[in-house]
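Single-structure report; data block below.
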Amino acid sequence: MSMTHLVNPRARLLRPLASVLLAAALCAPAAAAEGETPKTDPNFPGADQARSYFAEGVQQYRAGRYKEAAVSFHTALKQEPENKLVYEFYLACGDALVVQMQDKDVLDDVLKDVLRRARIYQKQMRRDPAYINLLIGKLEKSEEERVVASLELAAVGPWAVPHLVLAMSDTPQEERRTYCRVVLTKMGGRAVQPLSVALASEDQRQVRSVALVLGDLGDPRALPALMRCQAREGHEDITKTVLASAITSIADRAQIAQLSTPEELHLAEALRYFRGGVEVRDELAGSESLIWRWNTAGEGAAKLTPVRVPAYAWNELVAEELLFYGLAAYPKTAAFHPALAAVYAAEVSEAQQRERLAKERVMPASAGEDAADAIAERVAALGEQVHRVRMAGAENLCRAVQQALASERFDVAVALLRVLQERDIARPEAMLPAPGAGLNPDKPGSVLIAALDHPEKLIRYQAAITLASLDPDAGGKASAAEAKALAAQLAESIKKDNERTNEELIAKLQAVIAGGAVSGYQGSEKVIPTLAEALGEWGVRVVLVVDPDYRMRNAARAALQAKGFMVITAADGFEAMNRLAEAPVKDAVIVAGDLTPSLKDQHGALLDAPQQTASGLVAMLASDPRAAGAPIFVSLPDVPEKAAALQTAFEGKLPASGGFVGKPFDAVELHDKIDAALKQSQPPSANQAAAEDIALRAAIALQQPDAQRTGLDLAAAAQALSATLDARADALRIESLKALGHAATGPGHDVIKPLIGRLTDVYGAQDVELEKNAQLRAAFVFAIGKVDPTTEPAVAILKKALAHTDAGVRAAAAGAVGSSPIITPELLAALQAQQRLDARAAGAGKD
């Protein structure tokens with residue numbers, strides 16, 4: 001019963017490397033009768049029995065007995081063979097035979113398990129340096145062995161690159177270097193990043209070999225490293241020629257008419273990774289989440305060293321590497337610093353989002369990097385990364401915000417704007433345009449003012465929160481020395497004929513001459529209304545829109561935001577699943593019905609994955625706990641025939657709360673359908689927490705401006721602050737009450753005063769609940785004292801608070817009375833009489 005004929009030529013060649021299956025089994029147990037389950041034989045070790053049953057299964061398949069073949073394969077796996085043996089079986093059969101067998105439904109499930117286990121071992125084996133070096137040794141053997149070894153090395157991918165690079169330098173034989181170059185060229189784009197790093201080598205032959213491969217690959221990603229290497233001193237003439245030729249070859253193949261400067265290439269490539277997108281996701285798939293370094297320590301070892309990183313942080317870490325290469329080679333280039341600040345902020349923001357998601361997860365993590373302890377490790381490692389962001393300084397941070405907005409990395413822009421809340425870092429006097437000066441490109445802080453009108457709500461809100469913390473000239477009136485300095489600046493600006501700057505400086509100087517303070521900034525009148533809007537976000541809902549057409553995504557965003565929804569967009573199913581994994585939780589999803597496959601593997605073939613199509617993505621979303629209860633809508637194209645066909649195809653496949661929406665998107669239709677669906681579903685609690693966090697930060701920001709001096713209309717936020725008293729989050733209510741009390745001390749007190757009835761009513765209704773939270777009770781007392789402590793309910797509340805068992809509440813009540821300018825002498829007398837402290841005997845000592 002020999003099975004040696006099963007072993008394909010590739011398996012025979014790799015047998016010494018992979019311990020290929022011992023295919024013959026003359027002493028294998030006799031084939032079971034049709035329909036009978038094979039019996040295990042206690043006289044044979046499990047591995048031998050597994051081999052026998054695998055061989056028997058192939059025989060049964062070839063005889064057309066597919067059910068019996070499935071039973072044999074199942075029995076083989078029941079012997080619990082090592083993954084290595086399963087891989088040997090797969091290798092002996094070859095891909096073609098396994099695919100043929102999988103075409104039979106009865107064999108599909110068991111062979112999927114076989115393939116899963118075989119690939120686990122294959123993945124481990126392909127990372128083994130001994131295996132890789134044995135393959136490299138085969139390159140100098142027979143033609144047949146060389147071909148098979150070349151194909152296997154190319155399949156191994158990036159893990160083989162350090163060994164191939166080393167092999168090109170430790171031999172005088174040009175033949176071996178040639179074979180290694182052929183393998184690296186076959187590897188394609190997956191080799192570009194490690195090869196680019198290998199150009200740091202001091203070995204001239206190695207540099208030439210690497211440059212030749214990069215030139216053959218023709219990938220523009222290699223240009224920054226090639227140009228950086230070209231500028232390095234000490235190259236032999238032939239090395240310079242090879243480097244120049246590689247650069248020219250890549251430029252020609254990429255149809256680049258005029259190459260940018262090395263500095264510009266480094267920056268552009270770093271920003272490309274920072275932005276992400278389909279191309280970068282394709283690269284990630286081929287990179288195996290590896291970042292490469294040139295290690296100068298250690299003799300005889302491969303100096304090209306991989307570091308495995310979390311896949312979600314890979315693109316930012318590649319961008320960081322590029323920026324540091326640029327900073328080392330071109331330290332005078334200021335443009336690197338905003339990009340680096342944005343990349344650092346992205347790393348922190350991504351890790352923090354993952355941490356929040358891990359706390360909300362209802363299923364075990366599908367990958368090790370998504371496990372809570374792995375994420376906690378990364379968050380801890382990045383604990384002081386924000387200090388590196390702060391080091392960039394005000395101008396670079398403002399330009400980093402611009403880059404983040406242009407790249408649609410809104411989470412990063414928000415993180416950077418938060419850093420700019422720190423007044424010493426932001427330097428508002430120098431960065432922000434003065435009132436009436438307009439948005440000035442010479443004032444980097446203009447991006448903060450422009451952000452108040454950004455279509456993305458989170459950007460508007462954070463810009464307002466940041467600006468509320470930044471009041472130029474918060475120290476008071478300008479001094480004579482400052483007036484002199486302004487005059488000098490104006491004289492210099494006039495020489496340069498800078499009209500916008502002249503106008504701004506003249507306005508400042510006039511204010512100083514008039515003896516007034518130069519206060520405020522351009523667009524400050526939008527800050528308070530925007531904060532008031534942010535306070536209303538504690539009831540916001542989040543919608544995920546998936547559409548390959550950016551115009552449709554933008555149209556959906558505009559329509560939904562106009563109706564108060566927070567909108568997150570994705571261009572394809574892969575991005576949609578990534579967005580689903582990010583906070584906040586999505587309340588509803590809209591998927592383009594005509595979504596078609598777009599993502600390809602390293603060979604250019606479309607990936608066979610369910611999220612590539614609308615129907616597959618809808619099925620994944622419907623079964624994913626992260627979208628549990630969220631209504632799913634399918635958007636139909638503006639072509640009646642196609643829309644009707646899609647609607648028919650999706651009938652019965654959508655959740656009961658979902659449905660269809662038409663294109664072009666209509667704001668009223670979207671709002672009505674989503675709102676109706678959400679009323680039927682349970683809103684995810686994570687959204688409420690995320691929205692309350694936005695409102696909380698807005699309430700804190702409203703406590704910062706000095707309304708008397710700046711003229712900011714804090715009273716415009718009074719109604720929004722009052723509405724948050726119904727929120728579930730005590731922290732939000734406490735900060736809103738503080739903000740309301742702060743606003744009541746400004747010019748808008750008469751507008752806020754009528755809210756005293758609302759405050760005392762809520763206080764009375766929650767009196768029992770407030771016994772559990774003295775801090776919240778104290779905040780109510782503070783606000784009541786600032787708004788109007790003279791009404792009958794307010795006086796009753798203050799009297800009880802002054803005698804409360806909690807010292808913090810008593811202190812808040814005393815402060816409320818003492819800070820109020822409208823407490824009458826009669827009321828004060830009554831309160832003092834109640835609070836009179838009988839301390840007459842205390843301190844008298846013993847008689």
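On the beta carbon distance between R579 and T241, with R0 = 60 Å, the FRET formula returns roughly 0.80.
Per-residue counts of other Cβ atoms within 10 Å, averaged by peptide: what ranking do you get for 78-84, 447-453, highest first? Working shown, then result.
Values: 78-84: 16.0, 447-453: 21.1.
The densest-packed peptide leads the list: 447-453, 78-84.
Can you classify region 58-121 as rounded, prolate or oblate using the Cα gyration tensor, where a ≥ b ≥ c are the square roots of its eigenvalues, rounded means a/c under 1.5, and otherwise it's prolate if a/b beats b/c and oblate if not?
Details: a/c = 1.77, a/b = 1.38, b/c = 1.28.
It comes out prolate by the Cα gyration axes.
Label separation (E174 vs D453): 6.6 nm, computed from points 7 Å beyond Cα along the C-beta direction.
Please give the peptides 558-564, 282-288 ranked by average Cβ packing (other Cβ atoms within 10 Å per residue), highest first, as a rough proxy for protection. Show your work: numbers first, answer last.
Details: 558-564: 16.6, 282-288: 18.6.
Per-residue Cβ counts within 10 Å, averaged per peptide and sorted highest first, yield 282-288, 558-564.
Here the gap between S623 and E233, fully extended at 0.36 nm per residue and compared with their Cα-Cα distance, gives a gain of 134.5 nm. Between V379 and R293, the FRET efficiency estimated from the beta carbon spacing at R0 = 25 angstrom works out to 0.60. With a threshold of 23 Å on the Cα-Cα distance, the over-threshold entries among K457/K786; K563/K663; K123/K359; K526/K738; K586/K642; K738/K800 are K457/K786; K123/K359; K586/K642. Remark: region 427-439, residue by residue, has Karplus-estimated 3J(HN,Hα) of 6, x, 4, 8, 8, 8, x, 6, x, x, 7, x, 7 Hz, where x stands for each Gly or Pro and the curve is 6.51 cos²θ - 1.76 cosθ + 1.60 at θ = phi - 60°.
Please sort 403-414, 141-152 by packing, taking for each peptide the average over its residues of neighbouring beta carbons within 10 angstrom, highest first.
On the way: 403-414: 21.2, 141-152: 15.8.
Top to bottom by mean Cβ count within 10 Å: 403-414, 141-152.
Sequentially through region 832-846, phi angles give Karplus couplings (6.51, -1.76, 1.60; θ = phi - 60°) of 5, 4, 4, 8, 4, 9, 7, 10, 5, 7, 5, x, 6, x, 7 Hz, Gly and Pro residues having no value and appearing as x. Each of R551 and A731 was given a label point 7 Å from its Cα along the Cα-to-Cβ line. The distance between the two points is 4.4 nm. Annotation: amide H of V591 within the under-5 Å range of V546, F633, V634, S635, sequence separation 5 or more or interchain, hydrogens built in the peptide plane.
In order along region 380-392, phi translates into HN-Hα couplings of 5, 5, 9, x, 10, 5, 4, 5, 5, 5, 4, 4, 5 Hz, rounded to whole numbers, per the Karplus curve 6.51 cos²θ - 1.76 cosθ + 1.60 with θ = phi - 60° and x for Gly and Pro.
Please give the length that would be gained between V99 and A562 if that part of the chain were fully extended, namely 0.36 nm times their separation in residues minus their C-alpha to C-alpha distance (nm, one decimal).
Extending this stretch completely gives an extra 161.5 nm.
Maximal additional length on extending the E279-K359 stretch stands at 25.7 nm, based on 0.36 nm per residue less the C-alpha distance.
Please work out the FRET efficiency for the pair A833 and V768, using the Cβ-Cβ distance as r and a Förster radius of 41 Å; give the result to the nearest 0.05. So the FRET efficiency works out to roughly 0.90. Note on R119 and T596: the model spin-label points, each 7 Å out from Cα along the C-beta direction, lie 2.6 nm apart.
A cut-off of 5 Å between modelled amide H atoms, ignoring neighbours fewer than 5 places along the same chain, links G658 with I632.
Laboratory data are not the source of any read-out in this text; all were calculated from the coordinates shown. This is a predicted model, so every value here is computed, not measured. Cβ sites come from the backbone with ideal geometry, for glycine too, and all protein chains shown count toward neighbours.
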